[in-house]
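What follows draws every value from the coordinates through simple rules; no lab data is involved. Computed from a predicted structure; not experimentally measured. Here the Cβ is made from the backbone with ideal geometry for all residues, glycine too, and neighbour counts use every protein chain on show.
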Amino acid sequence: MSAATHVLLLFAAWTLFLAVIYVGYRVVLVLTFKERANAWTRGAPEHVDPAVITRFNHAHLNCLETLPLYAAVVLFAYMQGQLGVLDGLAYVFLGARVAQGVIHVISTSPIMVFLRANALLVQWVLLIFWMVQLLP
């Protein structure tokens, strides 16, 4: 397995992990009859999750914004027989992705938001770099 495809699988696993945390919290509330199952419908003002659960939710949504981009680049590289272009920096990409999620969950202080934005910037720079490298 190439590093690029391994990172794709790990990225998907990280995204799922973040979802399991905040959904698991909600499932426990429903199963213990502390909340209705539909308490989290979009725009429902009745329920407010604890801040850390909201941050897990937002970190998950952030992953969903970048996962398809990375998957598209990996798919294109695979179809062109050029996965090696991604392999050298694939784990750096994953590290930046995980760092962004961990920072998001830890705090929303200005310095942490700055660090989180820089982790996202690393991902975007790598995606652009790879796209340019993969151009015919």
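Just want the answer: with Cβ charges of +1 for Lys and Arg and -1 for Asp and Glu, which residue in GLN82, ALA12, ALA59 is farthest toward the dipole's positive end in the chain?
My answer, from the dipole projection, is ALA59.
If you put +1 on each Lys and Arg Cβ and -1 on each Asp and Glu Cβ, how big is the dipole of region 21-136 around its Cα centre, in Debye rounded to 20?
Taking the Cα centre of region 21-136 as origin, the dipole is about 220 debye.
For region 8-136, what is the relative contact order in percent, using Cα pairs closer than 8 Å and at least 6 residues apart in sequence?
It comes to 27 percent, rounded to a whole number.
Given the peptides 16-28, 92-104, arrange them by the average over their residues of other C-beta atoms within 10 Å, most packed first.
92-104, 16-28
Taking Rg/Rh (Cα atoms, Kirkwood Rh) straight from the coordinates, which label in [x] 1.41; [y] 1.07; [z] 0.96 is the correct one?
Only one option fits the structure, namely [y].
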